Amino acid sequence: MKFTFNYLVAIAFLMGSVLSGLQAQEVILGSYEFTYGENQDKATSVYPGLTFSPIIIEGANPIVPTYNEDGSLSTTNWGTVAGFGNGRCINMSLTRDITSLSFNITKVEISFKRNFTVAKNIILTAATSVNTNSYETYKRAIEYDGSGNYTNLTLTNTNNLIPLLNSPTPLYLIIGMVATATTDVVTLDKITVYGKPYFMYENFSNYSTIALTQEPVESMRITDDVALSLSPGWTASNLYAFKGGPNPPSTGLFGITATDSAYLTTPAMNLTQPFHLNFKFRSRMGKDINPEGRLNIYMDDNQLLWTDSTTATSLQERASEAFVGTAASKVTFTSPKIEGNQMIVDEIYFQPTTKPALNFLLLSAQDLGKVALNTAKKLDLPLKAFNLTGDVTLVLKSGTKFSLAGNTIAKASAEAGATIQVTFPATNAAGQYVDTLVISTNESANRMVALKAIVGDENAVPAILEGKLKINGNVVMLTDCADKHLQVYTIAGMKVTEIFRTGNQETITLPENGCYLLRLLDNQGTVTSKLLIQ
């Protein structure tokens with residue numbers, strides 16, 4: 001991937017942890033509380049962008065409902081064997097109203113009691129019409145406790161067998177119960193549907209039915225256009241469909257060897273409203289073979305959205321901080337090129353959120369470019385915030401070579417849209433100047449913006465090193481300069497360090513502030529650059 005990716009991750013390590021401790025959150029999509037009277041069959045707590053139908057009970061031989069004054073629904077005429085056609089079921093339809101949002105139903109909770117003590121099944125299915133059992137997603141025998149009290153049962157969308165609600169076609173959730181006799185009474189107190197709204201979703205499920213015959217035998221190369229993605233427009237390189245057993249769902253595997261440069265990029269999305277990125281990841285090989293186990297995620301090419309590592313071989317659920325993007329943002333998952341670093345991802349989705357959010361990601365970079373001697377230069381950074389609980393605070397980590405117009409932006413101004421004004425003042429000392437702008441809010445991780453300006457003549461940083469030489473504090477990072485002889489001297493001519501054959505990426509820690517000379521030698525000649533350490 002691009003050098004800026006590695007550079008930003010290096011800054012993350014140097015500045016401390018920037019990882020989110022959030023976990024992916026499901027929300028209530030809608031609930032039926034069976035209130036007595038006019039709205040007794042209507043849904044409440046319906047998530048914006050969805051429509052829930054009233055409870056539907058119909059068919060040739062439907063169950064018989066009785067709405068009670070205590071806010072419960074008593075039902076009889078349930079079937080005595082598995083299956084619930086001919087109306088012996090409760091139906092509810094969910095319709096998507098906002099085209100930018102789709103929904104993944106995760107579970108249905110039912111609070112009920114019954115007058116029979118024999119353990120029987122409760123069944124949850126989904127279909128595109130009422131009174132069918134096209135999908136049987138969960139089936140479970142419930143032991144009656146004999147007390148006549150309400151039992152709370154959670155029916156889970158096991159293996160994603162309830163289809164995604166990502167089209168205008170209504171999705172019907174259908175609940176059936178096996179009774180011992182048609183006169184048995186089942187009293188329902190509440191039915192709640194949970195799920196995860198999302199802007200974009202991918203779980204590699206369309207690869208699950210394909211025979212995986214490539215090497216290794218449980219994997220197959222996914223084409224660069226990710227042709228079987230749930231939504232069009234994903235792109236990838238060195239990505240594999242992976243199954244960890246005989247018949248499990250497929251997942252995405254980055255790379256098979258250390259020579260692979262693997263990534264997965266989303267289609268363009270409208271992320272101008274606050275969102276979380278939620279996903280699962282794990283190491284394929286474990287800590288003995290893959291001690292690093294790192295996964296990096298970037299938005300809009302060079303801004304760090306998330307980074308972490310795991311050597312666990314079971315899927316770990318993660319969520320990013322809340323962010324705001326653009327009307328056409330793209331997000332890239334990438335696994336660094338390290339021997340054995342085979343990382344697996346699954347259940348990727350971008351979820352709207354009401355958490356505090358900024359239009360700055362965890363790490364980004366701003367280059368003021370070349371500045372003439374004794375000339376000042378200003379940089380305006382647009383700030384847009386949502387759902388803040390306090391003001392925005394601005395701090396420069398060094399605070400000596402750049403300045404800010406102010407250190408606080410009021411909550412109301414930040415949410416309305418404001419500007420962060422950064423100034424690089426005039427100086428008569430040539431060299432490269434860096435600092436880090438830290439943007440802080442309550443209940444949110446700090447955002448860090450790496451600032452850089454080059455003062456003086458064109459030779460301050462030779463053109464051949466443009467984009468390859470980065471300085472953060474007293475740490476110098478050099479990339480794409482393999483097989484060189486590297487020397488670093490103080491301005492007085494004392495050698496500080498020497499590498500006789502550089503690798504593709506080198507990191508040098510200089511002992512103190514001051515001006516240094518960096519020399520790179522090979523059979524093509526010598527390149528010299530000044531390094532100003534603040």
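Readers should treat all values here as calculations from the given coordinates under stated rules, not as data from a laboratory. Fair warning: this is a prediction, and the values are worked out from it, not measured in the lab. Please note: Cβ atoms are built from the backbone with ideal geometry, for glycine as well, and neighbour counts cover all protein chains shown.
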TODO: Run a plain Debye calculation on the range 33-196 (Cα atoms as equal point scatterers, no solvent) and give log10 I(q)/I(0) at q = 0.08, 0.10 Å⁻¹, rounded to two decimals, same order as the q list.
DONE: -0.22, -0.34
Task: Cross-link partners of residue 401 among aspartates and glutamates (Cα-Cα below 19 Å; sequence separation of 8 or more within a chain) - done: 367, 380, 435, 457, 512
Open item on the list: Could you compute how fast the chain diffuses translationally, taking Rh as the Kirkwood radius over C-alpha pairs and applying Stokes-Einstein at 25 °C with viscosity 0.890 mPa s? Give it in µm² per second.
Closed with: 92 µm²/s
Open item on the list: Using Cβ counts within 10 Å as a stand-in for footprinting exposure, how do 36, 349, 489 rank, fewest first?
Closed with: 36, 489, 349
TODO: Name the aspartates and glutamates eligible as straight-distance cross-link partners of residue 107: C-alpha to C-alpha under 16 Å, and not fewer than 8 places from it in the same chain.
DONE: 26, 136, 347
Task: Relative contact order [Cα under 8 Å, 6+ residues apart], the chain, whole percent - done: 11 percent
Open item on the list: Using 5 Å bins from zero, what percent of all Cα-Cα pairs in the range 474-533 falls into each bin?
Closed with: 4, 19, 33, 26, 13, 4, 0
Task: Ranked 89, 481, criterion: other C-beta atoms within 10 Å, fewest first - done: 481, 89
- [ ] Express in whole angstrom the spacing between the alpha-carbon centres of the range 343-387 and the range 462-534.
- [x] 28 Å
Open item on the list: Could you tell me the center-to-center distance, by alpha carbons, between the range 64-94 and the range 130-168 in angstrom?
Closed with: 14 Å
Open item on the list: For the range 108-209, which chymotrypsin sites (Phe, Trp or Tyr not before Pro) pass both filters: DSSP loop (anything but H, G, I, E, B) and at most 16 other C-beta atoms within 10 Å?
Closed with: 116, 144, 150
TODO: Can you spot the lysines whose alpha carbon is less than 16 Å from residue 120's alpha carbon? Ignore those fewer than 8 places along the same chain.
DONE: 139
TODO: Treating only the Cβ atoms of Lys and Arg (+1) and Asp and Glu (-1) as charged, compute the dipole magnitude of the range 358-455 about its Cα centre; round to the nearest 20 debye.
DONE: 280 debye
TODO: For a footprinting-style exposure proxy, rank 106, 192, 99 by other Cβ within 10 Å, fewest first.
DONE: 99, 106, 192
Task: Length added when fully stretched, residue 500-residue 407, from 0.36 nm per residue minus Cα-Cα - done: 28.9 nm
- [ ] Restricting things to alpha carbons, tell me how big the range 358-455 is in terms of Rg and Dmax, in Å.
- [x] 13.9, 44
TODO: Kindly express, to the nearest 10 degrees and within the range 0 to 90, the angle between helix 3-15's C-alpha long axis and the longest C-alpha principal axis of the chain.
DONE: 90 degrees
Task: Out-of-range pairs (alpha-carbon distance over 30 Å; input 280/397; 113/280; 287/530; 337/377; 355/397; 384/470) - done: 280/397; 113/280; 287/530; 337/377
TODO: Could you compute the FRET efficiency for residue 70 and residue 314, with r as their C-beta to C-beta distance and R0 at 41 Å, rounded to 0.05?
DONE: 0.40
